[in-house]
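Below is one structure, written out as structure tokens, with a few remarks after it.
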Amino acid sequence: MADFVQKTVVKSAVRNLAIPIADVAAFNTIVQSIITDNPFACTAYESGGVNHAPVEKSKEAYVAKVVYQDNDAKTVGTDSSKFNTIAGFNAGATALLGNTALAAAHGGSPVRDTPNETYSATLKCHDASGEMYIVNFSRDQITISSYEDDAIRTRIETWADTVAALA
């Protein structure tokens, strides 16, 4: 019988943030700055006859949360909705807050629960060496995965050290 022979050493690394990213606008600013400014020095590439940007957003999710409170500010219900765009997230949160039938069903007044809302975005990056890797942002951590070269982690870590919200 033939043995499996290891071909690569794929790594992952996580940075837990001391303080969650403040809000969806700050989150979006960070993610968009990577796509626009390319601080990781990624390169464009072609795959399957399709040209790709150096950094591409491959997935995103935003969860709006609402609590329903009675007259004594006691929580009598909760609601959350997941959206795949920030525009949908903002519109959905407004819709949840304005839904009087839902508030009546919960028996309370809706209040946005922004500290418990979640956001995530996954960026696919192409290193100058040809290596593809993933950087996933959530509100409270950054994960780098599927990389081999430690220089990639060092480059991202050096950049993250310059962004106050990512301390």
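The values are calculated or read from the model by the stated rules, or taken from the named source; none is laboratory data. Bear in mind that the values here come from a model prediction, so they are computed numbers and not experimental data. Counting neighbours? That spans all protein chains shown, and the Cβs are built from the backbone with ideal geometry, glycine included.
Evaluate the following for residue 120: is it in contact with a helix residue (DSSP H, G or I) (Cβ under 6 Å, 6 or more places away or on another chain), under 30 Å from residue 56 (Cβ atoms), surrounded by 14 or more Cβ atoms within 10 Å (Cβ to Cβ) and of a type in the set (S, T, N, Q)?
On the way: in contact with a helix residue (DSSP H, G or I) (Cβ under 6 Å, 6 or more places away or on another chain): no; under 30 Å from residue 56 (Cβ atoms): yes; surrounded by 14 or more Cβ atoms within 10 Å (Cβ to Cβ): yes; of a type in the set (S, T, N, Q): yes.
Spelling it out, it is not the case that residue 120 is in contact with a helix residue (DSSP H, G or I) (Cβ under 6 Å, 6 or more places away or on another chain), under 30 Å from residue 56 (Cβ atoms), surrounded by 14 or more Cβ atoms within 10 Å (Cβ to Cβ) and of a type in the set (S, T, N, Q).
Within segment 50-80, restricting attention to residues that are out of contact with any strand residue (DSSP E or B) (no Cβ under 7 Å at 6 or more places or on another chain) and of a type in the set (S, T, N, Q), which residue is nearest to residue 27 (Cα to Cα)?
Narrowing segment 50-80 to residues out of contact with any strand residue (DSSP E or B) (no Cβ under 7 Å at 6 or more places or on another chain): 50-51, 53, 71-74.
In the following step, the residues that additionally are of a type in the set (S, T, N, Q) were identified as 51, 71.
Working: 51: 27, 71: 34 Å.
The residue in question is 51.
Total residues in segment 126-158 satisfying the condition of being without any contact (Cβ under 8 Å) to a residue 60 or more places away in the chain and buried (at least 20 other Cβ atoms within 10 Å of the Cβ): the figure is 1. Evaluate segment 11-18: report whether one residue or more is crowded, with 16+ Cβ neighbours inside 10 Å, assigned to a loop (DSSP other than H, G, I, E, B) and not assigned by TED's automatic domain parsing to the domain that holds residue 88. Yes.
Of the numbered criteria (1) within 24 Å of residue 125 (Cβ to Cβ); (2) more than 17 Å from the chain's Cα centre (by Cα); (3) among the hydroxyl-bearing types (Ser, Thr, Tyr), the one residue 29 fails is (2).
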